[in-house]
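Working notes, structure below.
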Amino acid sequence: MSSFLTLNYFELFSLPQQYALDSAELTVRYRDLQRSVHPDRYARAGDQERRMSMQRATRINEAYETLGDPMRRGRYLLELRGHPPGDQQQTAGDPAFLMQQMELREELAGVREEADPMLALDRVAGEIRAHYRGFDQALAEALDRTPPENEKALDIVLKMQFYTRLQNELQAMAADLEDELY
Amino acid sequence: MALLQITEPGLSTAPHEHRLAAGIDLGTTNSLVATVRSGSATVLPDRDGVQLLPSVVRYLPDGAHLVGAEASARAVSDPLNTISSVKRFMGRGVEDIERLGSSLPYAFVAGASGMPLIHTAAGDRSPVQVSADILSVLRQRVEATLGGELTGVVITVPAYFDDAQRQATKDAGRLAGLKVLRLLNEPTAAAVAYGLDHSAGGTVVIYDLGGGTFDVSILRLNQGVFEVLATAGNTALGGDDMDRLIAGWIMQQAGVSDAVGHSLQRRLLQAARRIKETLTETGTGAVPVSLELEDGRTWEGELDRPQMNELIDPLIRKTLAPCRRTLRDAGIAVDEVDEVVMVGGSTRVPRVRELVTEFFSRELLVDIDPDKVVAIGAAIQADILAGNKPEDEMLLLDVIPLSLGIETMGGLSEKIIPRNTTIPVARAQEFTTFKDGQTAMALHVLQGERELVDDCRSLARFELRGIPPMTAGAARIRVTFQVDADGLLGVTAEEQTSGIRAHIEVRPSYGLTDNEIETMLRDSMEHSREDMDARRLREVQVEADRVLEALQAAVQEDGDRFLDAQERAAIDQAAQALSTASGGEDHRAIKKAIEAVEAASAAYVEHRMNANIQKAMAGHSVDEFKR
């Protein structure tokens, strides 16, 4: 383990390189790893050692965040397999999916008109989360079968990215609303 | 083996020597210092047995200053030179302070680098200096009580403090001659004090309403690990605002205009505070108020609890929006919360407890004095960081409270690190040049959730220089934003195609540069020229001790495993040289010797750290997981 920084996130957590993952186990390992490298463990060490510890703690946080999120884990696995999703990539034309997107967007835009905008926002957030989670099973099937269906997985990841983006827009809207309301 | 068996005067090799460490709660209204003695954390009183130090400093014409009760006693008669609630100005710009309200009785002047200075009889003082004066008193208190020099301190900050406010706090510590081991978020400190990780565990909400700031954090606790899931708050909302609302009511009742003098303003606020405190202790009846006005009239009136509740209700409800936000950010429903802990003096107000109980629909934890709980938690953490409890497994994983972004075209902020990301964290962003031969570029770093740059806090402007001249768009400049465990930002930049590291000039929007701090240290009365040199020497000697001590402990533990004879000899030699240099008086030579030790031991240190990681994962193998 001489080159910590070249280990991939799965190797770092001693986890099999696959999509399916026990998130409770991931958290246990995350805590054990941070306990061993966190800068607070090196509060009395020299500057060099503290720098190294921060570097490692940073990377473990990054790995935990990536593996802990279904879309990011899927995306990362595709990158490791040499199928990185490009920035401009389009999803395969899927009318039902596009329709759903439009509906959610409209619902989000209409939140301000509702009697309790914050409550409405929480409702939309719940719907987005439900849709997002709905992809989990399909992504596992595409990525973990032999041989893997990487193209199909790519399409699912791109769709999940839509929901992530929508979620971010919702967060920004919530911040604006809070500033206006309180 | 002669390796590191060195005992120079002042250089300790005893492994279990108790190191003096303290936790400091630098509050808006009061400040406290606590330390762990014979296993338990206690708040240290002053000579008169008083634990709370009012965060008030009074500057005198002869350049001297008074801190605490002696200072606040003269707040009414000498309002312009008596600075209170200075925490509200930390890391803030002049415009921010104007926005805080016209009721501030101080004379502000704009200093260099955008930092406001308060004009006093003893000269212009920055909020950082005023805070340092408070910290110095607490430092003297600990050192006098414990009879020795402090190894280091943990200073608490509101979780919702942005980078500039944190940096200002750390600078104040440095200016007060303290080694700041860590800036700890106040809600996290409170969770540590309650020791909830062992008893209750689960999901805990910390509701922290202080004199001037409000924080709410949601933590997940598990056997020594305190993991912050989300945090929100308002750094300009607290008990002081309740006082202001009550004072406003008095003014209205007494028919006094807004344009009252500084002295009446102070008396109004003091009367308001007295009413609030009395109505907090006694439930029924009205509190009589009498106040001498500027025109010589005396106004008399009374206020009861229902009336006060009506006045402060909007303010308390304002704290519930951040509560909602943290729940949403953490992805937690109200009924999934296991405990709600109340922190901060303002949570004594019964109406606050009522509304918070109602919001979370559960009983509140109020066992530890809400004024002391933060300092106690900080003391426990300081004790561990100082190395007094090597077996302790406690780990605090905090988050960045506000998103970090950079300014892009059109005055928009592009988020680089979203809020509630666990720290330490680093994110890289690539930039390119838009002109042929361009060798420099400016970056503006922002903190906040809003899209428009003007709605975010300006943290710093960076200039990247030394970019190799290329055609437009050819340079690839990778800028890395690193937030450390204190929540402080650092920036590095590198041109990818040439590998040239761009020079970064940091200009904090409302902070002090390193040079300014150096100058302040030199200018301050306590530190004459000789003191400065002695201090620098002492600092580097302490660092040398630290390096040698850590290395010795490491080599004793596993030197045989990781070092061959040659490596060991090289380390031995460098350590020997450092020990010799450290006995001398040349701080540059010591610094050099430290660097030599670091260079000689770099591979070994890295090896050890990686072995630690491996050990942490040894219990969990890939195979075990597959089954």
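The values are calculated or read from the model by the stated rules, or taken from the named source; none is laboratory data. Here the structure is a predicted model, which is why all the values come from computation and not from measurement. All Cβ positions, even for glycine, are placed from backbone atoms using ideal geometry, and neighbour counts span all protein chains on display. Just the protein is used for accessible areas: all its heavy atoms, side chains included, with ligands, DNA and RNA removed. Shrake-Rupley method; radii C 1.70, N 1.55, O 1.52, S 1.80 Å.
Report the residue count in the stretch B:409-422 for those that are over 12 Å from B:Phe481 (Cα atoms) and in contact with a Gly (Cβ under 7 Å, 6 or more places away or on another chain).
Counting residues in the stretch B:409-422 that are over 12 Å from B:Phe481 (Cα atoms) and in contact with a Gly (Cβ under 7 Å, 6 or more places away or on another chain) gives 2.
Could you go through the stretch A:54-62 and let me know if any residue there is outside the structural domain of A:Tyr19 (by TED's automatic domain parsing), open to solvent by less than 60 Å² (accessible area, probe 1.4 Å), of a type in the set (Gly, Ala, Ser) and at pLDDT 85 or above.
Of all residues in the stretch A:54-62, those outside the structural domain of A:Tyr19 (by TED's automatic domain parsing) come to none.
No, the stretch A:54-62 contains no residue that is outside the structural domain of A:Tyr19 (by TED's automatic domain parsing), open to solvent by less than 60 Å² (accessible area, probe 1.4 Å), of a type in the set (Gly, Ala, Ser) and at pLDDT 85 or above.
Of these, A:Thr146, A:Thr164, which one is open to solvent by 30 Å² or more (accessible area, probe 1.4 Å), β-branched (Val, Ile, Thr) and closer than 23 Å to B:Asn420 by Cβ? I'd like the intermediate steps shown before the answer.
On the way: A:Thr146 fails: closer than 23 Å to B:Asn420 by Cβ.
Every option except A:Thr164 fails the conditions.
Checking B:Ser72 against (1) under 24 Å from B:Arg244 (Cβ atoms); (2) open to solvent by less than 30 Å² (accessible area, probe 1.4 Å): exactly one of these is not met. Which one?
In the conditions (1) under 24 Å from B:Arg244 (Cβ atoms); (2) open to solvent by less than 30 Å² (accessible area, probe 1.4 Å), B:Ser72 misses (2) alone.
State all residues of the stretch B:333-348 that are open to solvent by less than 30 Å² (accessible area, probe 1.4 Å) and either within 23 Å of B:Thr421 (Cα to Cα) or in contact with a Leu (Cβ under 7 Å, 6 or more places away or on another chain) (or both); if no residue qualifies, say none.
Matches in the stretch B:333-348: B:Val337, B:Val340, B:Val341, B:Met342, B:Gly344, B:Ser346, B:Thr347.
B:Ser257 versus (1) within 30 Å of the chain's Cα centre (by Cα); (2) among the hydroxyl-bearing types (Ser, Thr, Tyr); (3) not in a helix (DSSP H, G or I): which is the lone unmet condition?
Single failed check for B:Ser257: (1).
So which residues in the stretch B:424-448 are open to solvent by less than 20 Å² (accessible area, probe 1.4 Å) and within 11 Å of B:Gly405 (Cα to Cα)?
Start the filter on the stretch B:424-448 by keeping residues that are open to solvent by less than 20 Å² (accessible area, probe 1.4 Å), which leaves B:424-425, B:433, B:443-448.
Selection gives B:Leu443, B:His444, B:Val445, B:Leu446, B:Gln447, B:Gly448.
Check whether at least one residue in the stretch B:454-461 is within 14 Å of chain A (Cβ to nearest Cβ) and touching a Leu at 6+ places or on another chain (Cβ under 9 Å), and report yes or no. Even if it seems obvious, please write down each step before you answer.
Taking the stretch B:454-461 first, the residues within 14 Å of chain A (Cβ to nearest Cβ) are B:454-457.
Right, trim to touching a Leu at 6+ places or on another chain (Cβ under 9 Å) and you get B:456-457.
Looking for residues that are within 14 Å of chain A (Cβ to nearest Cβ) and touching a Leu at 6+ places or on another chain (Cβ under 9 Å), one finds at least one in the stretch B:454-461, hence yes.
List pairs: first residue in the stretch B:258-280 and outside the structural domain of B:Ser346 (by TED's automatic domain parsing), second residue open to solvent by 30 Å² or more (accessible area, probe 1.4 Å) and in a helix (DSSP H, G or I) anywhere in the structure, Cβ distance under 6 angstrom, at least six positions apart or on different chains.
Close Cβ pairs satisfying both conditions: B:Leu279/B:Arg305; B:Thr280/B:Arg348.
Only one of (1) crowded, with 17+ Cβ neighbours inside 10 Å; (2) at pLDDT below 90; (3) over 30 Å from B:Phe481 (Cα atoms) is not met by A:Tyr132, so which one is it?
(3)
Test B:Val289 against the stated conditions and say whether it is assigned to a strand (DSSP E or B), open to solvent by less than 40 Å² (accessible area, probe 1.4 Å) and of a type in the set (Val, Ile, Thr).
Yes; evaluated as a whole, the condition is true for this residue.
Residues of the stretch B:14-64 being among the charged types (D, E, K, R), assigned to a loop (DSSP other than H, G, I, E, B) and farther than 19 Å from B:Ser136 by Cβ, which ones? Step through it out loud before you land on a result.
Applying the first criterion (among the charged types (D, E, K, R)) to the stretch B:14-64 yields B:17, B:19, B:25, B:37, B:46-48, B:58, B:62.
With assigned to a loop (DSSP other than H, G, I, E, B) added as a condition, the list becomes B:17, B:19, B:46-48, B:62.
Selection gives B:Glu17, B:Arg19.
Is at least one residue of the stretch B:196-204 open to solvent by 30 Å² or more (accessible area, probe 1.4 Å), in a loop (DSSP other than H, G, I, E, B) and closer than 18 Å to B:Leu364 by Cβ?
Yes, the conditions are met somewhere in the stretch B:196-204.
For the stretch B:311-328, check the following and say yes or no: at least one residue is among the hydroxyl-bearing types (Ser, Thr, Tyr), away from chain A (no Cβ under 14 Å) and buried (at least 22 other Cβ atoms within 10 Å of the Cβ).
no
Taking the stretch B:316-343, which residues are of a type in the set (Val, Ile, Thr) and either more than 24 Å from the chain's Cα centre (by Cα) or not in a loop (DSSP other than H, G, I, E, B) (or both)? Full working, then the answer.
Taking the stretch B:316-343 first, the residues of a type in the set (Val, Ile, Thr) are B:316, B:319, B:326, B:332, B:334, B:337, B:340-341, B:343.
Matches in the stretch B:316-343: B:Ile316, B:Thr326, B:Ile332, B:Val334, B:Val337, B:Val340, B:Val341, B:Val343.
Exactly one of (1) open to solvent by less than 70 Å² (accessible area, probe 1.4 Å); (2) free of Cβ contacts under 8 Å to residues at least 60 places away in the same chain; (3) more than 14 Å from every other protein chain (Cβ to nearest Cβ) is unmet by A:Asp69. Its number?
It is condition (3) that A:Asp69 fails.
Among the listed residues B:Val204, B:Val216, which satisfies the condition of being within 22 Å of the chain's Cα centre (by Cα) and closer than 30 Å to B:Pro390 by Cα?
Details: B:Val216 fails: closer than 30 Å to B:Pro390 by Cα.
Residue meeting the stated conditions: B:Val204.
B:Glu98 - would you say it is modelled with pLDDT under 90, at negative phi and assigned to a helix (DSSP H, G or I)? It would help to see each step written out before you state the result.
Numbers: modelled with pLDDT under 90: yes; at negative phi: yes; assigned to a helix (DSSP H, G or I): yes.
Yes, satisfied.
Within the stretch B:370-397, restricting attention to residues that are among the charged types (D, E, K, R) and surrounded by fewer than 24 Cβ atoms within 10 Å (Cβ to Cβ), which residue is nearest to the other protein chains (Cβ to nearest Cβ)?
As a first pass, look at the stretch B:370-397 and keep what is among the charged types (D, E, K, R): B:371-372, B:383, B:389, B:391-393.
Remaining after also requiring surrounded by fewer than 24 Cβ atoms within 10 Å (Cβ to Cβ): B:371-372, B:389, B:391-393.
Working: B:Asp371: 26, B:Lys372: 23, B:Lys389: 12, B:Glu391: 12, B:Asp392: 10, B:Glu393: 6 Å.
Filtering first and then ranking leaves B:Glu393.
Considering the stretch B:414-466 alone, what residues qualify as being assigned to a strand (DSSP E or B), out of contact with any Phe, Trp or Tyr (no Cβ under 9 Å at 6 or more places or on another chain) and among the polar types (S, T, N, Q)?
B:Gln447
Tally the residues that are assigned to a helix (DSSP H, G or I) and either more than 7 Å from chain B (Cβ to nearest Cβ) or without any contact (Cβ under 8 Å) to a residue 12 or more places away in the chain (or both), restricting the search to the stretch A:1-41.
19
Of the numbered conditions (1) surrounded by 19 or more Cβ atoms within 10 Å (Cβ to Cβ); (2) more than 9 Å from chain A (Cβ to nearest Cβ), B:Glu585 fails exactly one; give the number of that condition.
(1)
Restricted to the stretch B:467-488, and to residues that are part of a loop (DSSP other than H, G, I, E, B) and β-branched (Val, Ile, Thr), which residue is modelled with the highest pLDDT? Walk me through how you get there before you give the answer.
Pass one, the stretch B:467-488, residues part of a loop (DSSP other than H, G, I, E, B): B:467-476, B:484-488.
Now narrow it down to the ones that are β-branched (Val, Ile, Thr): B:467, B:471.
On the way: B:Ile467: 81, B:Thr471: 88.
Looking at residues that are part of a loop (DSSP other than H, G, I, E, B) and β-branched (Val, Ile, Thr), I get B:Thr471.
Please determine, by comparing only the residues of the stretch B:292-310 that are more than 17 Å from B:Thr347 (Cα to Cα) and among the hydrophobic types (A, V, I, L, M, F, W, C), which one is surrounded by the most Cβ atoms within 10 Å (Cβ to Cβ).
Among residues in the stretch B:292-310 that are more than 17 Å from B:Thr347 (Cα to Cα) and among the hydrophobic types (A, V, I, L, M, F, W, C), the one surrounded by the most Cβ atoms within 10 Å (Cβ to Cβ) is B:Leu303.
Out of A:Glu107, A:Glu169, A:Glu114, A:Glu178, I need the residue that is exposed (fewer than 15 other Cβ atoms within 10 Å of the Cβ), farther than 15 Å from A:Tyr19 by Cα and touching a helix residue (DSSP H, G or I) at 6+ places or on another chain (Cβ under 6 Å). Which one? Show your work before the answer.
Working: A:Glu107 fails: exposed (fewer than 15 other Cβ atoms within 10 Å of the Cβ); A:Glu169 fails: touching a helix residue (DSSP H, G or I) at 6+ places or on another chain (Cβ under 6 Å); A:Glu178 fails: exposed (fewer than 15 other Cβ atoms within 10 Å of the Cβ).
Selected residue: A:Glu114, the only one of A:Glu107, A:Glu169, A:Glu114, A:Glu178 that is exposed (fewer than 15 other Cβ atoms within 10 Å of the Cβ), farther than 15 Å from A:Tyr19 by Cα and touching a helix residue (DSSP H, G or I) at 6+ places or on another chain (Cβ under 6 Å).
Quick check on my filter: what residues within the stretch B:597-627 are more than 7 Å from chain A (Cβ to nearest Cβ), modelled with pLDDT of 90 or more and open to solvent by less than 50 Å² (accessible area, probe 1.4 Å)?
Within the stretch B:597-627, B:Val597, B:Ala600, B:Ser601, B:Tyr604 qualify.
If I filter the stretch B:105-128 down to residues being open to solvent by 40 Å² or more (accessible area, probe 1.4 Å) and either under 12 Å from B:Gly173 (Cα atoms) or charged (D, E, K, R) (or both), which single residue comes out as farthest from the chain's Cα centre (by Cα)?
B:Asp124
Consider A:Glu79 against the criteria (1) in a helix (DSSP H, G or I); (2) more than 30 Å from A:Pro148 (Cα to Cα): it satisfies all of them except one. Which criterion is unmet?
Answer for A:Glu79: the failing condition is (2).
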